[in-house]
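The values are calculated or read from the model by the stated rules, or taken from the named source; none is laboratory data. Remember, it's a predicted structure, so these values are computed and weren't measured experimentally. Positions of Cβ are backbone-derived with ideal geometry, glycine not excepted, and every protein chain shown enters the neighbour counts.
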Amino acid sequence: MDQDKTQLTEFLLRMGDNALILGHRTSEWCGHAPVLEEDIALANTALDLMGQTQLWLTYAAEVMGDGKTADDLAFLRDVWDFRNLLLVELPNGDFGQTLMRQFLFDAFQSIHLPRLAKSSDPRLAEIAEKASKEAAYHVERSADTVVGLGDGTEESHNRMQAALDRLWPYIGEMFASDPVDAAMAEAGIAPDPANLRTEYDALVGRVLAEATLTVPESTFAHKGGRTGQTHTEHLGHLLTQMQWLQRAYPGATW
């Protein structure tokens, strides 16, 4: 595979893996959410993310051109082959942490995907156009929930602040540009994520202010997920559950 295809594949895996891993995490609430409405809403969010996963990983497999399928990429790769943000592989924690993580991710997607919809790569633009419509709804819903809980009772406020403090150090990885990002930006395929930080901070800041939550001052950022160099131990545990069936019965199909 030539360099251009290698870099495009890396980018597509990052997009697909983010959706796949967060979709799986979100699906873990199915049947366990605190109220029925939230149970259904989280299940639908997970389904949207899994649909996006199928599109991104199918395209990645086609670019790779080695006969793999989207299912192969989802179920037969090991931890070090995944390119998702560390943020999305973290355990759900309590309901507040789950919703805060969703909002922080949704906010980025609501800015990133509309720009990808203008990509010089027609196939990528088509996928991003569809996904951006879902992301617009996701961020509206998760932002409303963050505000409702943050500006709610003392208990809900404290839990949301604790969730924000816990997750904030994982935000910086979204904007850490590397050679793959530089190549995508130069080709007009995707924006440099570093250029999205100002808009992201403004969006997130408005919502958190309305939620009466305090943005942490620390600028420290955990990194390594997007390159596969460093994942948390949580991803390995997640994959043992997500990939069990395919690993136990290789080649099984429905």
Query - In the range 131-181, residue nearest to Arg226 (Cα to Cα) [restricted to those that are acidic (Asp, Glu) and not in a helix (DSSP H, G or I)] - result: Asp178
Query raised in the report: For the range 41-79, which residues satisfy the criterion of being at pLDDT 95 or above, crowded, with 18+ Cβ neighbours inside 10 Å and among the small types (Gly, Ala, Ser)?
Result: Ala46, Ala60, Ala61, Ala70, Ala74
Report task. Of all residues in the range 202-223, count the ones that are under 20 Å from the mean Cα position of the chain (by Cα) and loosely packed, with under 14 Cβ neighbours inside 10 Å. Result -> 3
**Report entry** Pair list, Cβ < 8 Å and 6+ apart or interchain, from the range 15-40 residues that are closer than 13 Å to Asn84 by Cα and assigned to a helix (DSSP H, G or I) to residues that are among the aromatic types (Phe, Trp, Tyr) and modelled with pLDDT under 95
**Finding:** none
Report task. Give the range 40-78 a look and list any residue that's among the hydrophobic types (A, V, I, L, M, F, W, C) and under 16 Å from the mean Cα position of the chain (by Cα), or say none. Result -> Leu42, Ala43, Ala46, Leu47, Leu49, Met50, Leu55, Trp56, Leu57, Ala74
**Report entry** Hits in the range 231-246 - residues which are touching a residue at least 24 places away in the same chain (Cβ under 8 Å) and either in a loop (DSSP other than H, G, I, E, B) or under 18 Å from the mean Cα position of the chain (by Cα) (or both)
**Finding:** His231, Thr232, His234, Leu235, Gly236, Leu238, Leu239, Met242, Gln243
Query - In the range 182-201, the residues that are buried (at least 16 other Cβ atoms within 10 Å of the Cβ), assigned to a helix (DSSP H, G or I) and either at positive phi or touching a residue at least 24 places away in the same chain (Cβ under 8 Å) (or both) - result: Ala183, Met184, Pro193, Leu196, Tyr200
Query - Residue check for Thr26: within 19 Å of the chain's Cα centre (by Cα) and either surrounded by 20 or more Cβ atoms within 10 Å (Cβ to Cβ) or of a type in the set (Gly, Ala, Ser) (or both) - result: yes
